[in-house]
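So the structure is just underneath, and the comments pick up after that.
What follows is calculated from the coordinates using simple rules that are stated; it is not laboratory data. These figures come from a predicted structure and were not determined experimentally. No Cβ is skipped: glycine too gets one built from the backbone with ideal geometry, and neighbour counts run over all protein chains shown.
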Amino acid sequence: MQFTKLTEEEFRNFYNTRDERTFLQTVEIAKLRERAGWESHFVGVKKNNNIIAAAMLVSKKRHFGKKEFYSPRGFLLDYNDFSLLNFFTNELKKYVKNNNGYQFRMDPYIINVQRDSTGAEVKDGLNNLKIKKSLDKLGYKRVPNKEMEQVLWMYVLDVYNKSEEDILKNMKPNTRNTIRKTLKNGIEIKELKKEDLKEFYKIMVETGKRKGFSVRNLKYYEDMYDLFNKRGEIKYLITKLDLKKHINLLEKEKNKCIEEKNNLNEAKYNDGKKKALDKQIEGINKRIKQAEEIIKKDGSIITLSGSMFMLTQPEVVYLSSGNYEEYMSYNSQYLIQWEMIKYAIKNGFKRYNFYGITGNFDKNDKDYGIYEFKTGFNGYCEELIGEYVMPTSIFYYIFNIIHKLKK
């Protein structure tokens with residue numbers, strides 16, 4: 001086996017053969033990091049002139065000129081092959097040390113234990129305890145959960161070889177019904193070009209203020225577009241609603257209910273149907289009034305929500321989203337999810353990844369609503385093995401002491 005630097009093309013070709021790949025390991029993410037002052041490195045292991053392991057690394061000066069190295073979502077290799085993992089780790093330690101590095105981090109795209117939709121372990125399911133033991137044996141140190149850079153828990157839906165009908169039928173009834181209602185509302189989905197991203201950014205800023213999270217700057221979203229759009233691996237979608245058209249649809253729905261009620265005879269057994277139709281008509285009138293009030297305040301065409309998706313095989317990743325609080329009752333995020341799930345099915349993706357959840361399944365948790373929304377699509381939880389750091393210099397321990405003293 002030979003440790004070697006790889007060209008971008010060599011790395012990309014090997015990356016495309018790996019099942020455990022994700023957009024965070026791409027050449028494009030390396031270039032994104034370069035725009036933020038990082039250096040990129042592509043390294044690998046060859047055997048008989050064939051690549052059998054690879055990693056994208058980025059590095060940046062931290063303290064006293066010493067560099068931190070990071071491999072987003074870890075190495076592309078068989079982690080169960082201890083001999084290969086050991087060789088690659090030892091060579092990486094030398095490489096990092098020779099390039100003035102004091103540590104390298106990685107957060108492998110490897111499941112810890114298989115879990116179901118509720119987060120419970122699946123009996124006799126996949127378990128990667130062996131890989132964790134190998135990392136411990138090689139000297140990697142597990143980073144505390146709260147200090148990890150990437151998400152640890154995700155919510156995933158398998159879509160490969162499934163039809164739209166299969167996915168819809170398997171959803172929770174409330175989610176399925178909500179999607180059907182949004183389809184009747186006249187909501188339109190618009191894909192944004194780079195020059196339109198300010199509209200998406202505005203949604204994100206408003207959502208961040210409301211929910212108390214920091215939002216990346218507009219340049220990040222523009223850079224991501226530049227890097228991934230040419231390969232068709234990114235989408236920014238927003239939802240819009242023409243309220244005048246929406247009111248027309250509601251009026252038609254109301255007239256249909258009125259006609260249905262008028263066609264019922266006076267027989268006692270129709271009383272229940274009439275009450276149900278009256279309730280439905282009352283609800284439609286409320287929605288019409290709501291739409292008319294919004295038109296007076298905000299105009300007839302409103303933006304409801306926005307989402308950012310990564311489309312790097314083998315999965316579609318629902319990466320970021322936001323919405324305007326006053327329009328949340330239109331449930332446009334359900335429609336966006338359904339459209340992108342259909343896109344994933346049509347384009348041969350294996351997984352639809354709703355991405356981050358907290359891993360806290362307590363209904364009183366402040367972020368429980370995010371998990372609850374995602375579980376409506378009836379997928380399953382994934383817990384990854386976490387982030388690991390490998391010290392390569394005495395400076396790792398010195399910097400740790402300094403950080404503890406600062407805290």
Set LYS235/LYS350; LYS366/LYS407; LYS61/LYS130; LYS296/LYS363; LYS67/LYS141; LYS93/LYS211, cut-off 29 Å on Cα-Cα distance; pairs above it are LYS61/LYS130; LYS296/LYS363; LYS93/LYS211
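Rounded to the nearest 20 debye, what is the charge dipole size of the stretch 70-215 about its Cα centre when +1 sits on each Lys and Arg Cβ and -1 on each Asp and Glu Cβ?
I would put it at about 520 debye.
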Mind checking the dipole of the stretch 153-299: about its Cα centre, +1 per Lys or Arg Cβ, -1 per Asp or Glu Cβ, Debye to the nearest 20? 400 debye
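Listing HIS41, HIS403 from the residue with the fewest other Cβ atoms within 10 Å to the one with the most, what is the order?
By the 10 Å Cβ count, ascending, the order reads HIS403, HIS41.
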Centroid-to-centroid separation of the stretch 154-187 and the stretch 1-53 [C-alpha atoms, Å]: 36 Å
When a/c reaches 1.5 or more, the comparison of a/b and b/c decides; with that in mind, is the stretch 314-365 rounded, prolate or oblate per its Cα gyration tensor? oblate
Could you give me D for the stretch 121-203, from Stokes-Einstein at 37 °C and 0.692 mPa s, where the hydrodynamic radius is the Kirkwood radius over C-alpha pairs? Units µm² s⁻¹, please. 177 µm²/s
Output the relative contact order of the stretch 164-292, whole-number percent, from Cα pairs under 8 angstrom with separation of 6+ residues. 27 percent
Take each of the peptides 382-392, 130-140, average the number of other beta-carbon atoms within 10 Å over its residues, and list them starting from the highest. 382-392, 130-140
Please sort by residue number the chymotrypsin sites (Phe, Trp or Tyr not before Pro) in the stretch 181-245 whose DSSP state is loop and whose Cβ has at most 13 other Cβ atoms within 10 Å. PHE213
Let me make sure I get this right: for the stretch 61-118, a, b and c are the square roots of the gyration tensor eigenvalues over alpha carbons, sorted descending. Under 1.5 in a/c it's rounded, otherwise prolate if a/b > b/c, else oblate. Which is it? oblate
Please express the Cα-Cα pair-distance distribution P(r) of the stretch 244-293 as a list of whole percents, one per 5 Å bin, running from 0 to the bin with the greatest distance. 4, 22, 27, 19, 13, 8, 5, 2
Add -39500 (n - 2.57) for each DSSP H run of 4 or more in the chain, then divide by its residues: what number comes out at 222 nm, to the nearest 500 deg cm²/dmol? -13500 deg cm²/dmol
How big is the convex hull of the Cα atoms of the stretch 250-391, per residue, in Å³? 220 Å³
Please state the shape class of the stretch 22-180: rounded when a/c is under 1.5, otherwise prolate if a/b exceeds b/c and oblate if not, all from the C-alpha gyration tensor. prolate
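Viscosity 1.567 mPa s, temperature 4 °C: Stokes-Einstein D of the chain from its Kirkwood Cα radius, in µm² per second? Let's see the in-between values first.
Numbers: Rh = 24.2 Å.
Calculated translational D: 54 µm²/s.
Under the 0.36 nm per residue contour assumption, what length would be gained going from the current alpha-carbon distance of GLU199 and TYR343 to full extension?
49.5 nm
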Please list, in order along the stretch 32-42, the HN-Hα scalar couplings obtained from phi with the Karplus expression 6.51 cos²θ - 1.76 cosθ + 1.60 (θ = phi - 60°), rounded to whole Hz, x for Gly and Pro. 4, 5, 4, 5, 9, x, 8, 9, 10, 9, 10
Would you work out which of ASN99, THR89, ASN16 lies farthest towards the positive end of the dipole of the chain, given +1 charges on the beta-carbon of Lys and Arg and -1 on that of Asp and Glu, about the Cα centre? ASN99
